[in-house]
Every structure is written in C-alpha cells, then in structure tokens.
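Before any comments, here is the structure.
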Amino acid sequence: MANFYYCAECGNVFTSERKASVNCCGQEWKALEVSANEPNEKHQLDEVKENGKTIYKSHHVQDEGHYFPFMAFESECGCLKIKTFKPGDTVKICVPEGKHGKLYWFCNLHGLYVKEV
Ligand SMILES: [Fe+2]
C-alpha cells in the first residue's frame, strides 16, 4: 500500500512506498492513516462509466479550509496515479475499465478513505 503525506501548511502532497517522515514548511508530517470510519454521504464518490473509463467524482465541498487535496489510484501491479486539487477545483480521477486496485481520496478535515475498485 502506498503511503501518503499531506502538508497542512501549504497543501503539498507526498507519497512513499515505505513509511517515512516528510518535512515540509518546517514541520514533520507522518503518513496518513486510513480512516476507521466508512465515508459518510458527503465523502462518498459518484461513479460514472464513460468511453472505457470509470470516472470517480467528488461532490464534497472544495472550499478554502475544507477540501479534497488529492485522489489516487494504485493498480494491482503497484502503479500509482495521483491527482492533486486546490480549493475550487473539480475533483475527479479516471480509471480504465478492467483495471483493478485501490482508490484513495483524502479530505483535509475528515481523513483518508480507501476502497477496492
Ligand atoms: Fe470533509
């Protein structure tokens, strides 16, 4: 499983294959832990199939102070695709149909979620 790090100061997102500590903006950031809770309705993703792809979209707020900084897809073979977002961005990620792996998405206030797709 990929490890993800988020700098709450500047919004930078980092990944690593093994656990590490990451320094950004003069602070040390630990790997994000997957939330123990199932995502509530606001944190669930909409799923649309289109032209051989599955598009996972967020309908969560994307405001300064409360937003999704990133989504990622880690394929079964370990390839990692990551998309980062700023407040105001449309939050979505595409996965080719037939590809399986783990989909990650992160709310800066409510945590990291993962599901098998
Ligand atoms: Fe949230």
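The values are calculated or read from the model by the stated rules, or taken from the named source; none is laboratory data. Since the model is a prediction, treat every value here as computed from it, not as a measurement. Cβ coordinates were reconstructed from backbone atoms using ideal geometry, including for glycine residues, and neighbour counts include every protein chain displayed.
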Original post:
For residues in the stretch 54-81 being within 16 Å of the ligand (Cβ to nearest atom), in contact with a strand residue (DSSP E or B) (Cβ under 9 Å, 6 or more places away or on another chain) and assigned to a loop (DSSP other than H, G, I, E, B), which is farthest from H100 (Cα to Cα)?
Top reply: Y67
Subject >> Pairs with Cβ under 6 Å, 6+ apart, first in the stretch 100-117 and away from the ligand (no atom under 15 Å from the Cβ), second not hydrophobic (A, V, I, L, M, F, W, C) and not in a strand (DSSP E or B) >> reply: H100/E76; G101/E76
**OP:** Taking T84 as meeting all but one of (1) over 22 Å from G52 (Cβ atoms); (2) within 16 Å of the ligand (Cβ to nearest atom); (3) in contact with a strand residue (DSSP E or B) (Cβ under 7 Å, 6 or more places away or on another chain), write down the number of the exception.
**Re:** (2)
Original post:
Has the stretch 82-91 got any residue that is in a loop (DSSP other than H, G, I, E, B), of a type in the set (A, V, I, L, M) and modelled with pLDDT under 95?
Top reply: no
**OP:** Being touching a residue at least 40 places away in the same chain (Cβ under 8 Å) and more than 16 Å from the chain's Cα centre (by Cα) is the filter; apply it to the stretch 24-53 and report the residue that is farthest from the ligand (Cβ to nearest atom).
**Re:** G52
Original post:
Do the conditions hold for L80, that is, is it surrounded by fewer than 17 Cβ atoms within 10 Å (Cβ to Cβ), closer than 12 Å to H43 by Cβ and aliphatic (A, V, I, L, M)?
Top reply: no
